[in-house]
Amino acid sequence: MSTRAHSGGNNTGRAGGSRAVTVTDIARAVGVSRATVSLVLRGSPLVHADTRARVHAELQRQRYVYNRAAANLRRRTSTIVALVINDLSNPFFAEFAAGVDEALGEQGYVTLLGNTGESPRRQQAVLASLMEHAPAGVILSPAEHSEAASLRAVMGAAGNVLLFNREPAGHEWDFLALDNAHGAQLATRHLIELGHRDIAFFGGHADSSSCQQRRSGYVAAMAQAGLPVREARMVECAPTRPQAAAATQALFETAERPTAAVCYNDNVAMGLMLGLFARGVQPGRDFSVTGFDDIPEAALSTPALTTLAVDPRARGRQAAQLLLQRIGAPDASVARTIAPVELRVRQSSAPPPG
């Protein structure tokens, strides 16, 4: 038995090899209006849960197939939003994506997800593919080394775009960022107040805008305390656990090693702690570590990670809401939004040994 979607006046399916099933057939069988069935098909939250369940049951019984593309063409709108993440293996972005999808789903939108793995080349291919679906908007967390001109080339005239946390020079889209500089400044001050004087900034790449901002917060806090910032204490690595673990050796290459590190993010911090353990150095006792993001496992790590809480799921919901505002007012001025961060002190940071 086969089903087929039609693009005529009604969204239709075919059941049992007989005539095409229409929205009117479903509405008549359930005893509701065609408008109610259409709302259910679009995932609208405006329909009562009991009615929605009855409509879904009838749709399944009659093997109805909804042709979303045809519906979008008729309305000259799209219910699709493209979400492109730079590193879905990072738990932060899994939470962020869940928040985006929740908020969009509540408004009847469907999320199409793409992952670039920090590759600008892959990012171009992912965006090109997603743009073929004519999404109503795009939420993009840019890969490292992204260029605004390349993004414009693939997204064309699409104006409903929100960038998250990384900012390619020369872009003209809405932007949502974490308070990166202030967060790193809070973490560095915390370590200084514990008595640390030789503190490293660990992880990320210097040409990433978010890393630049976090580094600037670290440098500002060190300067305010009258402490030097040594080039050897600015350790670069990809923001992943394996790369951070491998880069741990850089902290042990000078006669005097640091006693603490402000890490680019939680993934890096946990990688660093693995690297320390491998060298017989106990994080939180022999060496203090701070992260950034407060991913769910940060509080459960050993030791529990001191970090900057940003509530990634809430940030995802905020990104979706900002994009929906742009979709509703496409001619509004470009908006920049900075989300606050909060220091969460746990066991990975302590006074320096001795």
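The values are calculated or read from the model by the stated rules, or taken from the named source; none is laboratory data. Every value quoted in this text rests on a predicted model; they were computed, and no experiment measured them. All Cβ positions, glycine included, derive from the backbone under ideal geometry; neighbour counts span all protein chains shown. Just so you know, the surface numbers come from the protein's heavy atoms only, side chains and all, with ligands and any DNA or RNA stripped out. Shrake-Rupley method; radii C 1.70, N 1.55, O 1.52, S 1.80 Å.
Values for this structure:
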| read-out | value |
| --- | --- |
| Qualifying positions in the range 319-349 - among the aliphatic types (A, V, I, L, M) and open to solvent by less than 10 Å² (accessible area, probe 1.4 Å) | Ala319, Ala320, Leu323, Ala339 |
| Inter-residue pairs, beta-carbon under 9 Å, first under 14 Å from Ala244 (Cβ atoms) and in the range 273-286, second open to solvent by 20 Å² or more (accessible area, probe 1.4 Å) and among the basic types (Lys, Arg), 6+ apart | Leu274/Arg241 |
| Strands (runs of 3 or more DSSP E) enclosed by the range 134-252 - at least 1 residues per element that are in contact (Cβ under 8 Å) with a residue 40 or more places away in the chain and within 21 Å of Leu343 (Cβ to Cβ) | 174-178, 199-202 |
| Residue that is surrounded by the fewest Cβ atoms within 10 Å (Cβ to Cβ), among those in the range 25-56 that are polar (S, T, N, Q) and without any contact (Cβ under 8 Å) to a residue 40 or more places away in the chain | Ser33 |
| Output for the range 98-114, where each listed residue is touching a strand residue (DSSP E or B) at 6+ places or on another chain (Cβ under 6 Å) and outside any loop (DSSP other than H, G, I, E, B) | Val100, Asp101, Leu104, Val110, Thr111, Leu112, Leu113, Gly114 |
| Count - residues of the range 305-318 that are open to solvent by less than 10 Å² (accessible area, probe 1.4 Å) and either polar (S, T, N, Q) or out of contact with any strand residue (DSSP E or B) (no Cβ under 8 Å at 6 or more places or on another chain) (or both) | 3 |
| Residue in the range 206-221 that is aliphatic (A, V, I, L, M), on the phi < 0 side of the Ramachandran plot, open to solvent by 10 Å² or more (accessible area, probe 1.4 Å) and modelled with pLDDT of 95 or more present | yes |
| From the options Gly117, Gly105, residue that is surrounded by fewer than 20 Cβ atoms within 10 Å (Cβ to Cβ) and over 26 Å from Val40 (Cβ atoms) | Gly117 |
| Filter result (farther than 12 Å from Ser349 by Cα, more than 31 Å from the chain's Cα centre (by Cα) and of a type in the set (Asp, Glu)) within the range 248-293 | Glu253, Glu256 |
| Sole exception among (1) open to solvent by less than 10 Å² (accessible area, probe 1.4 Å); (2) in contact with a strand residue (DSSP E or B) (Cβ under 9 Å, 6 or more places away or on another chain) for Gly275, by number | (2) |
| Some residue of the range 165-173 being touching a Lys or Arg at 6+ places or on another chain (Cβ under 9 Å) and within 17 Å of Val268 (Cβ to Cβ) | yes |
| Condition met for Asp286 (surrounded by 15 or more Cβ atoms within 10 Å (Cβ to Cβ), acidic (Asp, Glu), out of contact with any Phe, Trp or Tyr (no Cβ under 6 Å at 6 or more places or on another chain) and within 22 Å of Gly195 (Cα to Cα)) | yes |
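This table checks each residue for (1) crowded, with 16+ Cβ neighbours inside 10 Å; (2) under 20 Å from Cys237 (Cα atoms); (3) in contact with a Phe, Trp or Tyr (Cβ under 8 Å, 6 or more places away or on another chain); (4) of a type in the set (S, T, N, Q).
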{"residue": "Met131", "(1), (2), (3), (4)": "no, no, no, no"}
{"residue": "Ala136", "(1), (2), (3), (4)": "yes, no, yes, no"}
{"residue": "Glu144", "(1), (2), (3), (4)": "yes, yes, no, no"}
{"residue": "Val154", "(1), (2), (3), (4)": "yes, no, no, no"}
{"residue": "Asp174", "(1), (2), (3), (4)": "yes, no, no, no"}
{"residue": "Ala181", "(1), (2), (3), (4)": "yes, yes, no, no"}
{"residue": "Phe202", "(1), (2), (3), (4)": "yes, yes, yes, no"}
